[in-house]
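Engineer: Please find one structure pasted underneath; my questions will follow.
The values are calculated or read from the model by the stated rules, or taken from the named source; none is laboratory data. In this text, all values refer to a predicted model and were calculated from it rather than measured experimentally. FYI the Cβ positions are ideal-geometry reconstructions off the backbone, even for glycines, and counts take in every protein chain you see.
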Amino acid sequence: MNKKLMLATLISTSLLVGCGEKATGQPGAMMPLVAAQPVTVIDYQQGKQFVGRTEAMEDVAITAQVSGYLKSRSFQEGEQVEKGQLLFEIEPAAYEARLASAQASVSQAEATLKRANLDWQRGENLLPKGSISQSEYDRLTAEKLNAEAQLKAAKAQVKAAEVDLSYTRIVAPFSGRISDSKVSIGDLVSPNAGVLTTLVSLDPMQASFNVSERQRLELGIDSLDGAGKGSNDVEVVLTLSNGEQYDQLGTVDYIGNRIDLNTGTIAMRASFNNAEQVLLPGQHVQVFLREKSPVERIVIPRRAVQSDLEGDFVMVLTDGNVAERRNVKLGPQTEQGIIIASGVNTDDTVLTKGLQRVRNGVTVRLENEEAKG
């Protein structure tokens with residue numbers, strides 16, 4: 001019985017030794033087979049996309065400032081008009097008559113003042129001689145002052161009449177495209193009659209959109225003075241409703257001064273040249289806000305990134321084909337791969353295949369080396 005037990009023990013020991021020699025004799029067979037790829041450095045313009053609406057820089061409703069019958073209309077509906085161009089004319093006869101009457105009142109007031117000045121000067125010479133009383137002199141002084149006041153009032157009436165007469169000619173306050181006319185020749189118009197027409201400026205054009213507080217901080221948009229990483233370091237790209245990109249880049253020209261408590265966003269606006277008048281007020285557009293100058297970013301294949309309870313990480317190939325874990329912060333996805341904001345250097349090589357068996361500190365075999373062997 002003891003001989004049988006001793007024989008079984010010897011056989012088991014020899015089998016274990018044989019297995020051990022086989023394992024240690026081919027250590028490469030136990031190493032994970034992986035693929036590796038150097039990181040790529042690309043020029044990248046960081047940006048965000050928002051929904052926006054186009055707006056005219058100037059948008060005004062044209063109304064009458066005085067009452068009267070409409071005498072003429074001097075524009076074609078929907079055409080481009082220039083600043084100062086005549087749009088409507090109200091019958092001016094009544095206002096011309098008021099101006100003439102006011103001018104006549106000025107002439108009369110000047111004559112009255114001249115007589116009052118002469119009487120006051122005589123009184124000033126006679127008072128020291130005792131030829132007139134003090135009360136008479138005071139009366140002459142009061143008449144002189146009253147005549148001066150009457151002249152000022154008459155001149156004010158002339159000014160008011162001139163202003164009213166000028167309002168009979170309604171001109172374009174700025175260059176832009178005019179809408180249809182809401183009135184016809186012969187209509188009685190007045191300040192309370194409503195809008196006669198509307199006028200909008202088309203060049204340049206603006207696009208308004210809202211940015212979240214987090215996005216504002218990420219893009220570094222915090223001022224309009226151009227100091228540091230402000231709004232002058234970003235540019236704006238528009239995509240129209242047909243999917244085409246507008247051929248003019250825009251610049252941020254307005255940033256709100258507070259965060260909307262209901263939406264958690266801040267209002268922003270960009271300006272675009274619009275000489276061809278492709279943009280019209282009220283268009284729905286996609287606003288892409290991006291850095292003006294591209295910067296170098298590290299990019300790796302998305303399949304190289306893994307995640308666990310500690311966060312995102314990649315396995316980097318170090319000296320001796322040893323895999324090393326690197327925790328990373330991910331950036332946006334691009335056509336070339338995913339941007340790594342931190343955790344990987346430009347001279348690193350990351351593992352991209354066979355990651356299931358790879359652990360931190362494990363020696364690995366590379367596919368290309370296996371092929372050569």
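Engineer: So, in the range 273-305, of the ones that are over 24 Å from R177 (Cα atoms) and surrounded by fewer than 16 Cβ atoms within 10 Å (Cβ to Cβ), which residue ends up nearest to the chain's Cα centre (by Cα)?
Structural biologist: Of everything passing the filter in the range 273-305, K292 is nearest to the chain's Cα centre (by Cα).
Engineer: If you don't mind, there's one more thing I want to ask. Hand me the list of strands (runs of 3 or more DSSP E) wholly inside the range 267-359 holding 2 or more residues that are in contact (Cβ under 8 Å) with a residue 12 or more places away in the chain and over 14 Å from V39 (Cα atoms).
Structural biologist: Filter on the range 267-359 gives 284-291, 311-318, 322-327, 329-334.
Engineer: Given the criteria at pLDDT 85 or above, β-branched (V, I, T) and touching a Gly at 6+ places or on another chain (Cβ under 6 Å), does V66 qualify?
Structural biologist: Here the answer is no, as V66 does not meet what is asked.
Engineer: Run down A116, A147, A156 and say which single residue is modelled with pLDDT of 90 or more and either surrounded by fewer than 16 Cβ atoms within 10 Å (Cβ to Cβ) or on the phi > 0 side of the Ramachandran plot (or both).
Structural biologist: Sole residue among the options that is modelled with pLDDT of 90 or more and either surrounded by fewer than 16 Cβ atoms within 10 Å (Cβ to Cβ) or on the phi > 0 side of the Ramachandran plot (or both): A156.
Engineer: Counting only residues that are in a loop (DSSP other than H, G, I, E, B) and of a type outside the set (A, V, I, L, M, F, W, C), which one in the range 153-174 is nearest to the chain's Cα centre (by Cα)?
Structural biologist: Here the answer is P173.
Engineer: From the list E143, E136, which one is over 30 Å from L86 (Cβ atoms), touching a residue at least 24 places away in the same chain (Cβ under 8 Å) and in contact with a helix residue (DSSP H, G or I) (Cβ under 8 Å, 6 or more places away or on another chain)?
Structural biologist: Exactly one residue qualifies, and that residue is E143.
Engineer: Out of all the residues in the range 332-350, which are surrounded by fewer than 16 Cβ atoms within 10 Å (Cβ to Cβ) and either of a type in the set (A, V, I, L, M, F, W, C) or in contact with a helix residue (DSSP H, G or I) (Cβ under 6 Å, 6 or more places away or on another chain) (or both)?
Structural biologist: Answer for the range 332-350, where residues must be surrounded by fewer than 16 Cβ atoms within 10 Å (Cβ to Cβ) and either of a type in the set (A, V, I, L, M, F, W, C) or in contact with a helix residue (DSSP H, G or I) (Cβ under 6 Å, 6 or more places away or on another chain) (or both): just A341.
Engineer: Let me ask something additional. How many residues are within 36 Å of the chain's Cα centre (by Cα) and more than 18 Å from E77 (Cβ to Cβ) when one looks only at the range 175-191?
Structural biologist: Number of matching residues: 1.
Engineer: Write out, first by first residue and then by second, each pair whose Cβ atoms fall under 6 Å of each other, whose residues are 6+ apart or on separate chains, and whose first residue, in the range 160-185, is within 17 Å of L86 (Cβ to Cβ) and touching a residue at least 40 places away in the same chain (Cβ under 8 Å) while the second is assigned to a helix (DSSP H, G or I) and not hydroxyl-bearing (S, T, Y).
Structural biologist: Within 6 Å, the pairs are L165/L99.
Engineer: Now a separate question. Quick one: count up the residues across the range 261-272 that are in contact with a strand residue (DSSP E or B) (Cβ under 7 Å, 6 or more places away or on another chain) and surrounded by fewer than 16 Cβ atoms within 10 Å (Cβ to Cβ).
Structural biologist: So the answer is 2.
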